[in-house]
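The values are calculated or read from the model by the stated rules, or taken from the named source; none is laboratory data. This one's a predicted model, so the numbers in the text were calculated from it and none came from an experiment. As a convention, Cβ positions derive from the backbone with ideal geometry for all residues, glycine included, and neighbour counts pool all protein chains shown. The accessibility values were calculated without ligands, DNA or RNA, using every heavy atom of the protein model including side chains. Shrake-Rupley method; radii C 1.70, N 1.55, O 1.52, S 1.80 Å.
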Amino acid sequence: MQLVVGRVGRAHGIKGEVTVEVRTDEPELRLGPGAVLATDPASAGPLTIGEGRVHSGRLLLRFEGVRDRTGAEALRNVLLIAEVDPEELPEDPEEFYDHQLMDLDVVLADGTEIGRITEISHLPSQDLFIVERPDGSEVMIPFVEEIVTEIDLEEQRAVIDPPPGLIDDQAEVAGGRSDSASDSASDSGGRGDSGGQGASDAWGEPSGGRSASGGDGG
């Protein structure tokens, strides 16, 4: 199983270092010296991490064979992908890999069906469940403890306690957005894929202490 654990950012300095947008809750394990990572695009890798350090709150990595700024700039926006045992689970019981959460039924505490998780969106502040409702509309559910009260993997469901307006208001907006998108589809070419086919580890700690920490690749 493949997990996207980072994205290469700008070159730093002139000796081949790059900034990395971390997409894992376990950077010491996934992005430590000696780690060999696949890449998207595949032609950029595999990459072996030579050394790393934190500078001004950002992770800086140097890959073996990349010795100057030109080589570092050539890696910009490359996704870093780790191979992970599909049976492996996050150490924190309040964290879940994306593949564990995908396709879970989303219900209220009284059992009312809301929909099915079709996508996990990782934001710097929190993670979002993209939930497809039975009528085809979509709603976004913040993955925070105050709203997602239970993840039951055995029953394959996520129980939510949404604040007023979170579900119905979004459904109306999503429906209107879908109509608008269909009118302009020939110009836009459809929605782009910002993260490639590998699934993402978490981008950071969301409020509420929960996070989605990655899933299986394509």
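What are the pairs with Cβ atoms under 9 angstrom where one residue, in the range 115-138, is farther than 20 Å from Asp161 by Cβ and the other, located anywhere, is at pLDDT 90 or above and not in a strand (DSSP E or B)? Sequence gap at least six, or different chains.
Thr118/Asp103
Here is a yes/no grid of residues against (1) in contact with a strand residue (DSSP E or B) (Cβ under 8 Å, 6 or more places away or on another chain); (2) part of a strand (DSSP E or B); (3) over 25 Å from Ile130 (Cα atoms):
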{"residue": "Ala11", "(1), (2), (3)": "yes, yes, yes"}
{"residue": "Lys15", "(1), (2), (3)": "yes, no, yes"}
{"residue": "Leu29", "(1), (2), (3)": "no, no, yes"}
{"residue": "Leu37", "(1), (2), (3)": "yes, yes, yes"}
{"residue": "Gly50", "(1), (2), (3)": "yes, yes, yes"}
{"residue": "Leu80", "(1), (2), (3)": "yes, yes, no"}
{"residue": "Asp110", "(1), (2), (3)": "no, no, no"}
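Taking the range 150-167, which residues are surrounded by fewer than 18 Cβ atoms within 10 Å (Cβ to Cβ), of a type outside the set (Gly, Ala, Ser) and more than 21 Å from the chain's Cα centre (by Cα)?
Hits for the range 150-167 are Glu154, Glu155, Asp161, Pro163, Pro164, Leu166.
Do we have Ile81 as closer than 23 Å to Leu29 by Cβ, crowded, with 22+ Cβ neighbours inside 10 Å, in contact with a helix residue (DSSP H, G or I) (Cβ under 6 Å, 6 or more places away or on another chain) and touching a residue at least 60 places away in the same chain (Cβ under 8 Å) here?
No, not satisfied.
Please indicate, with yes or no, whether at least one residue in the range 39-51 is under 28 Å from Ser121 (Cβ atoms) and in contact with a helix residue (DSSP H, G or I) (Cβ under 9 Å, 6 or more places away or on another chain).
Checked the range 39-51: no residue is under 28 Å from Ser121 (Cβ atoms) and in contact with a helix residue (DSSP H, G or I) (Cβ under 9 Å, 6 or more places away or on another chain).
Filter the range 6-38 down to the residues that are out of contact with any Leu (no Cβ under 6 Å at 6 or more places or on another chain), of a type outside the set (A, V, I, L, M, F, W, C) and farther than 19 Å from Arg69 by Cα and list them by number.
Once the filter is applied, which keeps residues that are out of contact with any Leu (no Cβ under 6 Å at 6 or more places or on another chain), of a type outside the set (A, V, I, L, M, F, W, C) and farther than 19 Å from Arg69 by Cα, the range 6-38 yields Arg23, Thr24, Asp25, Glu26, Pro27, Glu28, Arg30, Gly32, Pro33, Gly34.
Could you check, for the range 85-97, whether at least one of its residues is at pLDDT 90 or above and over 18 Å from the mean Cα position of the chain (by Cα)?
No - not one qualifying residue is present in the range 85-97.
Give the number of residues within the range 120-134 that are of a type in the set (S, T, N, Q) and open to solvent by less than 40 Å² (accessible area, probe 1.4 Å).
Qualifying residue count for the region: 1.
Quick test of your reading of the structure: Glu113 fulfils all but one of (1) closer than 28 Å to Met140 by Cα; (2) open to solvent by 40 Å² or more (accessible area, probe 1.4 Å); (3) out of contact with any Pro (no Cβ under 9 Å at 6 or more places or on another chain); (4) of a type outside the set (A, V, I, L, M, F, W, C). Name the failing condition by number.
(3)
Which of the numbered conditions does Glu145 fail, given that it passes all the others? Conditions: (1) closer than 15 Å to Gly115 by Cα; (2) open to solvent by 70 Å² or more (accessible area, probe 1.4 Å).
(1)
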